[in-house]
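Worksheet: the structure to be examined is printed underneath.
The values are calculated or read from the model by the stated rules, or taken from the named source; none is laboratory data. Given the structure is predicted, the values throughout are model-derived calculations rather than measurements. Here Cβ is always computed from backbone atoms with ideal geometry, including for glycine, and neighbour counts include all displayed protein chains.
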Amino acid sequence: MQLPKISVQGFNASFNGKPAVKNLDLEIFAQERLAIIGPASSGKTTFLRSLNRLNDLERGFSHSGDILRDGKNIYDPDIDVAELRRKVGMVYAVPVPLPWSIYDNLVYGLRLAGIRDRATLDNRIEVALRYAFLWDEVKDRLQEPANVLSGGQQQRLCIARVLVLEPDVLVLDEPCSGLDPISTAKIEDALVALKESHSIVLVTNNTKQAARASDRTAFLLLGDLIEVGPTSQIFTRPTQKRTNDYLVGQFG
Amino acid sequence: MRVSPAIIQRIAVVFMWALAAITFAVLVFILAYVLLHGLPHVTWSFLTQSPANMGRAGGIFPMILGTFLVSGLSVLVAAPVGVATAIYLTEYTHEGRMTAVIRFGADCLAGVPSIIFGLFGFVFFAITLRMGLSVLSGSLTLALMVLPTIIRTSEEAIRAVPDTYRQVSYGLGSTRWQMVLYVVLRSAIPGISTGIVLSLGRCISETAAVMLTAGSALRLPRSLFDSSRTLALHFYILSREGISMANAYATASVLIIAILALNLLAYWLMRKFVAKVGR
Amino acid sequence: MKQDKIIGAILLLVALSAISGLGLITVFIFREGVPIILRLGARQFFLSTDWEPSLGKFGILSMIGGSLAVTVGAAAIGVVFSLGLAIVLTQFSPPGLSAALKPLIELLAGIPSVVYGFVGVVTLVPLIRHTLGGPGLSVLAASIVLGIMILPTITSIAIDALQAVSPTYLEGSIALGATRWQTVTMVILRAARSGIVAAVILGMGRAIGETMAVIMVAGNALEVPHSLLDPVRTLTSNIALEMGYASGAHRQALFATGVTLFVIITLLNIAALGFSRRRPARSRVG
Amino acid sequence: MLSTRFILRALGVTLVTLVTCVGCDSASRRSVGLLGSTSLQPFAEVLGEHYAKKTPGQFVEVQGGGSTAGLQAASHGLADIGMCSRALTAEEIRHFTPILIARDGLAIVVNAENPVVGLSLGQLRALFAGRVLNWKDVGGKDGPVRPITREEGSGTRESFVRLVMGDDRISRRALTQESNGAVKELVKGDLSAIGYMSLGLVGNELKALRVDNVQPTVKNVLAGSYTLVRPLLFVTKGAPGPAAQKFVDFVLSPEGQGLLEAEGLVRAR
């Protein structure tokens, strides 16, 4: 069995003393798509934002336990948080293009990392845009403002913006919540291709999407991990009653 | 007989529109009064020559330059300080005792009348720091005076930048400072500029504080340690000493046109800003 | 991160130095002005109307009274017009028109005070003198000029306060059968009350601190005014009139006048701050 | 990016400006600095203008501030010469060297429509002290008297008090104006007003009253018959420096005196 890309061990997270994630143990492997499902406020997003330490910026956030990435605890004091965030790329529920041109959006992360070489920038952008199935749509209009793109295009731009940094983990927080079925399908297709070279964590409210677009599924409820397993098994033969209740629509 | 509420409303609205009409009529009257009396005397040579015969003849070039120096320098000093303060308040700390102290200080400073700034600048900059009545004393005094405006408008502009932008920037691996510099300031600059432009307008209009700190020398200032008379003060002296009404009106016209231009600029920047952050 | 901590510390330092200006002002004004108040006694200084610097008499009661008179007058005029404007622009005007008129109010705030004073002297003062009598330079003239000058301050803050009232109030009230005007007077003004009071207080602070325009139109006589048509001297004009010449005790007394003004205005500011609810802390991540 | 460039550029400009300006010393750039009486300021500006034209490389910087401020400035070295439009007090004479550059008649002015043509010194005193409140008591039309005075510390006011008021105090109801021009405007527009100002500034829109039957004219001042006269002084602390002395010499020369006379003042000698 291969080593996990990310290994979460006894991880707790709380805001102002109120626990959001409780004693979580979970492994995320390379080349897999892990879906996290669960009703609202069950700690999905908190968990996701712990993976790139975005929660550190929230007031009153505290945590315990370890999250190992390639065997190294990401909460160690000698971790370069900026570097971590580049390698654990995050896509938000609502597409947020910065109010600049498409090109500036794409190169922003690279410039932050100190990469200025024009050829490298252009090359990385093309690769990322192709991954996100956006290249053909924007290759001739990179200097146009990003907010003229459609919602689906904007979200794929946001994915590409993360991909130019060549992350090895991609975390997506309900990336298709505001999108139409066609845009959603495009993003799900992109994830299939991306999984070859990335670990993908996909938080979603849409159980059908989890069933379609993931290899394994984890079910969180009120901060507790109830069950995790291959997607096909979770959706057909959940071992926990609460998982089954959720999937048939008993709550949430 | 009871008057119906609809009629009362109609009367009230007519009354309030009348008040509004009077207000705008006063504005138009003041502008027209000054410009009609003054513009005929504003010629190219009036703008480019030095005054002669204590301002009875000649032009106002030294005052234009003096105004430009005093206001420009004060904004140049106040803007970085004010914007930095606003950044601190919005991006580098949480609401707490420190922000309360800073905000209270800024609010109090905003209420201090200009004559007090003048007294202070006179004692502190001109005498204690031995800068004399000079462009430097005047501009530092004015810088202190417009600081609260710059802090407040910058803070508002920075707060208007959506939080999601900050999230995205962090997510792409920026430090806080990079985020502030590249995302927040870049979006907030039109809004911040609006405050700076309005502050520039206040500096140009100010009389009491510059009278006590920058002095009233008629000559072209050659250095920041020279005294210089600003346009507003020149207008005041010309009109009050009864030296030359024509030149007083002309000076006031130049002043008013500068203010109009700055207000237009501020308005344009504001619209640009609103369009940018999509409020 | 370490770099961010350093930058944060630098920014804090800048912020503190920015407001240290207030401390410096307080220290310098008080250092120059307070000794003479102590020497003469607060009674002699604040409660006497006898101001005769050449005889060593420094009583500023009439100036305090004068400042209050013109400030109250200005507030009365300013409030009526500002509230009317604020209400009509927020409640009864098409949005396009309001958007076009608001910059004009800003412009009114941008006109230099010397220009207000001057136009007041050449138009308003003779008008008062010929129609109402008296010297023209008067409490009334100063109140009108100051009223116009503080109008933009009060109006813009009042507009903010009125706009902050939740639209559900309006809908709820209209649904109960009230007219828009009834809603404004009974619901919206009440909800925006504290903001409006803060606006008025800040406006009064501006009026009491205004100098150049007041010197020009108030007449500056030392006698306590008995009517609106009498001339009046304010704290600010007392300072600006005599500062250029003053030395020794006279100069100290003028700084003490400044101290008085400073204290009054700071109290007004604190009152206004108390009334204007502080903006709620932003829920923030960055 | 835009913001960094902008901020860096702004900082750079500030720094360069400050450095260049700290480098240059202001005193070396002006030849003579004058500060003081606002009554004298316009005349000094005229003198300075001609002086600068006549002697290339020389600049005269003139500041207002008032007579007393002028004395202080001279004593602190803030200015080379203080300007004073009143006689020095006994105390002041011990500290300063006065140079009489001209004399100035003090004109009593009323509205041109006011029928009164002359007043005695006593009547004048009673009007300004507020003892006489109606013009008809001094031979005018029925109507209130509105005395207009200058601000405390003004050389014009102090001269007026010394020459006219004696032990009386100026009425507290007197309107106080901060400049000759403002007094002039007010008297021009108000039938009831009475004020005082420099004879040279009266112009032809106001009526200058006879005092004790003497018409206020330059001739009468020179002859000594018009008694409301004040000295206009340049004041230095000790002997003036060479540059200041050269300017003083110019002012006292026939050319300088001629300029002052043309402005309506009365020559020093």
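Listed values, structure above:
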read-out	value
The one condition in (1) more than 9 Å from chain D (Cβ to nearest Cβ); (2) hydroxyl-bearing (Ser, Thr, Tyr); (3) touching a Phe, Trp or Tyr at 6+ places or on another chain (Cβ under 7 Å) that B:Tyr249 fails to fulfil	(3)
Test: residue in the range A:113-125 that is at pLDDT 90 or above, within 24 Å of A:Ile200 (Cα to Cα), surrounded by fewer than 20 Cβ atoms within 10 Å (Cβ to Cβ) and among the charged types (D, E, K, R)	no
Single residue of the range B:142-161 satisfying the filter (at the interface with chain C (Cβ under 10 Å from one of its Cβ atoms) and of a type outside the set (D, E, K, R)) that is nearest to B:Glu206 (Cα to Cα)	B:Met145
Residue among B:Glu91, B:Glu95 that is at the interface with chain C (Cβ under 9 Å from one of its Cβ atoms), surrounded by fewer than 19 Cβ atoms within 10 Å (Cβ to Cβ) and either in contact with a Lys or Arg (Cβ under 9 Å, 6 or more places away or on another chain) or modelled with pLDDT of 95 or more (or both)	B:Glu95
Sole residue being modelled with pLDDT under 90 and more than 25 Å from D:Arg150 (Cβ to Cβ), chosen from C:Ile25, C:Ile19	C:Ile19
Residue within the range A:29-52 that is surrounded by fewer than 22 Cβ atoms within 10 Å (Cβ to Cβ), in contact with a Gly (Cβ under 6 Å, 6 or more places away or on another chain) and modelled with pLDDT under 90 present	yes
Selection from the range B:167-183 of residues that are within 8 Å of chain C (Cβ to nearest Cβ) and either within 30 Å of the chain's Cα centre (by Cα) or in contact (Cβ under 8 Å) with a residue 24 or more places away in the chain (or both)	B:Arg176, B:Trp177, B:Met179
Qualifying residue in the range B:174-192 (condition: outside any helix (DSSP H, G or I), out of contact with any strand residue (DSSP E or B) (no Cβ under 8 Å at 6 or more places or on another chain) and surrounded by fewer than 24 Cβ atoms within 10 Å (Cβ to Cβ))	yes
Residue check for C:Ala75: away from chain B (no Cβ under 14 Å) and assigned to a helix (DSSP H, G or I)	yes
Whichever residue in the range D:108-135 is closer than 11 Å to D:Arg210 by Cβ and in contact with a Lys or Arg (Cβ under 7 Å, 6 or more places away or on another chain) and, among such residues, is surrounded by the most Cβ atoms within 10 Å (Cβ to Cβ)	D:Gly118
Residue within the range B:13-31 that is in contact (Cβ under 8 Å) with a residue 24 or more places away in the chain and of a type outside the set (Lys, Arg) present	yes
Unique match (being modelled with pLDDT of 85 or more and either away from chain B (no Cβ under 12 Å) or in contact with a Gly (Cβ under 8 Å, 6 or more places away or on another chain) (or both)) among D:Thr55, D:Thr38	D:Thr55
Some residue of the range B:242-256 being modelled with pLDDT under 90, in contact with a strand residue (DSSP E or B) (Cβ under 9 Å, 6 or more places away or on another chain), crowded, with 24+ Cβ neighbours inside 10 Å and in a helix (DSSP H, G or I)	no
Any chance A:Pro145 is free of Cβ contacts under 8 Å to residues at least 12 places away in the same chain and farther than 17 Å from A:Arg33 by Cβ	no
Close pairs from the range C:192-209: first of a type in the set (S, T, N, Q), partner surrounded by fewer than 23 Cβ atoms within 10 Å (Cβ to Cβ), Cβ under 7 Å, at least 6 apart	C:Ser194/C:Phe275; C:Ser194/C:Ser276; C:Ser194/C:Arg277
Out of C:Leu101, C:Leu107, sole residue that is surrounded by 20 or more Cβ atoms within 10 Å (Cβ to Cβ), without any contact (Cβ under 8 Å) to a residue 24 or more places away in the chain and either more than 8 Å from every other protein chain (Cβ to nearest Cβ) or in a helix (DSSP H, G or I) (or both)	C:Leu107
A:Ile226 vs. criteria assigned to a strand (DSSP E or B) and either surrounded by 18 or more Cβ atoms within 10 Å (Cβ to Cβ) or of a type in the set (A, V, I, L, M, F, W, C) (or both)	yes
Hits in the range D:205-224 - residues which are in a loop (DSSP other than H, G, I, E, B) and in contact with a Lys or Arg (Cβ under 9 Å, 6 or more places away or on another chain)	D:Glu205, D:Pro216
Unmet requirement for B:Phe225, which otherwise passes all of (1) crowded, with 18+ Cβ neighbours inside 10 Å; (2) among the aromatic types (Phe, Trp, Tyr); (3) under 24 Å from B:Leu27 (Cβ atoms)	(3)
Helices (runs of 4 or more DSSP H) fully within the range C:172-286 counting 1 or more residues that are of a type in the set (Ser, Thr, Tyr) and within 11 Å of chain B (Cβ to nearest Cβ)	C:180-183, C:235-242, C:248-275
Residue, nearest to C:Met149 (Cα to Cα), within the range B:195-222, restricted to residues that are polar (S, T, N, Q) and facing another protein chain (nearest Cβ under 10 Å)	B:Ser205
Contacts under 7 angstrom Cβ, first residue in the range D:241-269 being within 17 Å of D:Pro98 (Cβ to Cβ) and in a helix (DSSP H, G or I), partner at pLDDT below 90 and among the β-branched types (Val, Ile, Thr), 6 or more apart	D:Ala244/D:Val32; D:Phe247/D:Val32; D:Phe247/D:Val60
Filtered residue count, the range A:85-107, keeping only those that are more than 10 Å from chain B (Cβ to nearest Cβ) and of a type in the set (Ser, Thr, Tyr)	2
Residues of the range D:37-88 satisfying the condition of being closer than 24 Å to B:Thr128 by Cβ, surrounded by fewer than 20 Cβ atoms within 10 Å (Cβ to Cβ) and not polar (S, T, N, Q)	D:His76, D:Gly77
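Conditions (1) under 20 Å from the mean Cα position of the chain (by Cα); (2) of a type in the set (S, T, N, Q); (3) not in a strand (DSSP E or B), marked per residue:
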{"residue": "D:Val109", "(1), (2), (3)": "yes, no, no"}
{"residue": "D:Asp142", "(1), (2), (3)": "no, no, yes"}
{"residue": "D:Glu158", "(1), (2), (3)": "yes, no, yes"}
{"residue": "D:Val164", "(1), (2), (3)": "yes, no, yes"}
{"residue": "D:Val183", "(1), (2), (3)": "yes, no, yes"}
{"residue": "D:Gly200", "(1), (2), (3)": "yes, no, yes"}
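This table checks each residue for (1) crowded, with 23+ Cβ neighbours inside 10 Å; (2) closer than 20 Å to B:Glu206 by Cα; (3) polar (S, T, N, Q); (4) in contact with a helix residue (DSSP H, G or I) (Cβ under 7 Å, 6 or more places away or on another chain).
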position	(1), (2), (3), (4)
B:Thr48	no, no, yes, yes
B:Met63	yes, yes, no, yes
B:Phe68	no, yes, no, no
B:Ala79	yes, yes, no, yes
